[in-house]
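The values are calculated or read from the model by the stated rules, or taken from the named source; none is laboratory data. What you see is a predicted model; the values in this text were computed from it and never measured. Here Cβ is always computed from backbone atoms with ideal geometry, including for glycine, and neighbour counts include all displayed protein chains.
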C-alpha cells in the first residue's frame, strides 16, 4: 500500500468539489435561459401577437371604410303605354272679328250672341250721313265731267269738219281732239269715284262672311262706330268643325303624321270620347319647350263640344321607340343641370348631362344623354366627380 502525502489528498478533494460545483452552476444557467425564452415567447404569443393582428384588422377596416360602394344599373325602356294623353285646347275652325268698314251710327242689329247665321246674312245696319254726302258730291262731279266731255266731243267733231273743209288748221283740230281725250279721262275718273262710294255704301250693311255662330255682340242702336276701329261689333265662329292644338314631346314627335286617328276627351264628359284626326304639324321642334305643335280636327255638327274648352287628346300608339328610364335616385342635380354618373369601358366615371322626360315616381324618363348600354351609378355619393377611376365588383362599384 502506498501512502500519499496529506497535502496531495486535500488538493485532489478540492479539485473534485470545484468541478462538481462548476457543472452544477452551468446547468442552472441554461435552465434560466430556457425559462426566459419560454416566458418571452408566451408574452409575444399572448400579448404582442394579438395586438399585431388587431392592427392589421384596423388597417384593413380603415381601407375598407375609405372606399364608397354604390350600385350600377343599366337604363331600362319606359313602361309601354298604349295611349299617349296630352293636353289640348278646342278652337273654332274659323273665327273672325266683325269691324265697321265705314263710319256711322248703328241703325239696327238683327242677330245676338248664340245665334247661328249663314254666309251673307245681315247682322246690322248703319246710318252713314257723311258717306251719303260724299257719294252725292261724287255723282255731281261725274255729271260735271260728263257735260264737259260731251261739249269737248261736239267741239272736236266740228273742228274735224272744218279741217276737212280746209277752213281750220290741223293744229287747232288736234288741240280740240286732245281736249276731248282729257275730258273723257276726267269723266272716267269721276265715274270710278262714284262706283267706289257705291261699293263703300254697301258696307253700311254688315253681313256674315261665313256660316257660323255669333259668339259676341258689342254694339247698340245709336252707337257711333269708326271705320277700321279696333272695337269689334260681332265675333263670328265656325263651330261645326273644331281645331285642337297639342304640343307633342320630342320623344314622340317622329310618330306624328297627318291622317292619324285620335280621340278627344273632356273632363265633364268622362264617359264619352270624340273622334279626331291629325291634319298637320309644325314640322319642327320648338326650342323653348322641345315639343312639336300638332293640329287635329274634330267634327262638332251636333254641337256637343264648346270652342275654347280644355280637352285631353288621346294618341294611340304614338311612340315608336320607348325612351329609357333610370332610378330616380340616380339623378345628380348640380349647377350644370340634371346629370347621371356613367362608368365607361375603362372604369372611369363620366358625368353626363341628361334631358328629363316623364316622372314615374321611383323612376324618371331620360330623353337624351344615355343609351341602353350605359352603366349608370345608382345613388351616387356627393363626392363623386368626373374622371374618378372605379372598379366594378359584384353588387356594386368600388370608388378608389
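Can you pull out every residue in the range 256-287 that is in contact (Cβ under 8 Å) with a residue 60 or more places away in the chain and in a loop (DSSP other than H, G, I, E, B)?
256
Does residue 192 count as under 60 Å from the mean Cα position of the chain (by Cα) and exposed (fewer than 14 other Cβ atoms within 10 Å of the Cβ)?
In short, yes.
Quick grid of which residues meet (1) within 26 Å of the chain's Cα centre (by Cα); (2) within 30 Å of residue 257 (Cβ to Cβ); (3) at pLDDT 85 or above:
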residue: 310; (1), (2), (3): yes, yes, yes
residue: 313; (1), (2), (3): yes, yes, yes
residue: 340; (1), (2), (3): yes, no, yes
residue: 363; (1), (2), (3): yes, yes, yes
residue: 384; (1), (2), (3): no, no, no
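If you check 186, 178, 173, 136, which single one turns out to be part of a helix (DSSP H, G or I), touching a helix residue (DSSP H, G or I) at 6+ places or on another chain (Cβ under 8 Å) and modelled with pLDDT of 85 or more?
186 is the lone residue from the list that is part of a helix (DSSP H, G or I), touching a helix residue (DSSP H, G or I) at 6+ places or on another chain (Cβ under 8 Å) and modelled with pLDDT of 85 or more.
Does residue 227 satisfy being over 23 Å from the mean Cα position of the chain (by Cα) and either closer than 25 Å to residue 215 by Cβ or touching a residue at least 40 places away in the same chain (Cβ under 8 Å) (or both)?
yes
Of the numbered conditions (1) closer than 30 Å to residue 160 by Cα; (2) in contact (Cβ under 8 Å) with a residue 40 or more places away in the chain, residue 244 satisfies every one except a single condition; which is it?
The single condition residue 244 does not satisfy is (1).
Starting from residues that are surrounded by 13 or more Cβ atoms within 10 Å (Cβ to Cβ) and in contact (Cβ under 8 Å) with a residue 24 or more places away in the chain, keep the ones in the range 128-141 and report whichever is nearest to residue 182 (Cα to Cα).
The selected residue is 141.
Of all residues in the range 142-160 being closer than 16 Å to residue 189 by Cα and surrounded by fewer than 19 Cβ atoms within 10 Å (Cβ to Cβ), which is farthest from the chain's Cα centre (by Cα)?
150
If only one of 307, 311, 294 is in a loop (DSSP other than H, G, I, E, B), touching a residue at least 40 places away in the same chain (Cβ under 8 Å) and closer than 20 Å to residue 95 by Cα, which one is it?
Step by step, each of 307, 311, 294 is checked, and only 307 is in a loop (DSSP other than H, G, I, E, B), touching a residue at least 40 places away in the same chain (Cβ under 8 Å) and closer than 20 Å to residue 95 by Cα.
Test each condition in (1) within 60 Å of the chain's Cα centre (by Cα); (2) in contact (Cβ under 8 Å) with a residue 40 or more places away in the chain for residue 199 and report the one that comes out false.
(2)
Can you name the number of the only condition in (1) surrounded by fewer than 16 Cβ atoms within 10 Å (Cβ to Cβ); (2) more than 60 Å from the chain's Cα centre (by Cα); (3) at pLDDT below 85 that residue 168 fails?
Unmet for residue 168, out of (1) surrounded by fewer than 16 Cβ atoms within 10 Å (Cβ to Cβ); (2) more than 60 Å from the chain's Cα centre (by Cα); (3) at pLDDT below 85: (1).
If residue 236 satisfies every condition in (1) touching a residue at least 40 places away in the same chain (Cβ under 8 Å); (2) assigned to a strand (DSSP E or B); (3) exposed (fewer than 13 other Cβ atoms within 10 Å of the Cβ) but one, which is the exception?
So the condition that residue 236 fails would be (3).
Give the range 315-338 a look and list any residue that's on the phi > 0 side of the Ramachandran plot and at pLDDT 85 or above, or say none.
Keep residues of the range 315-338 that are on the phi > 0 side of the Ramachandran plot, which gives 317, 337.
Residue satisfying the conditions is 337 alone.
Just checking: which of the strands (runs of 3 or more DSSP E) contained wholly in the range 18-116 hold 3 or more residues that are within 30 Å of residue 275 (Cα to Cα) and modelled with pLDDT of 60 or more?
Counting at least 3 such residues, we get 83-98.
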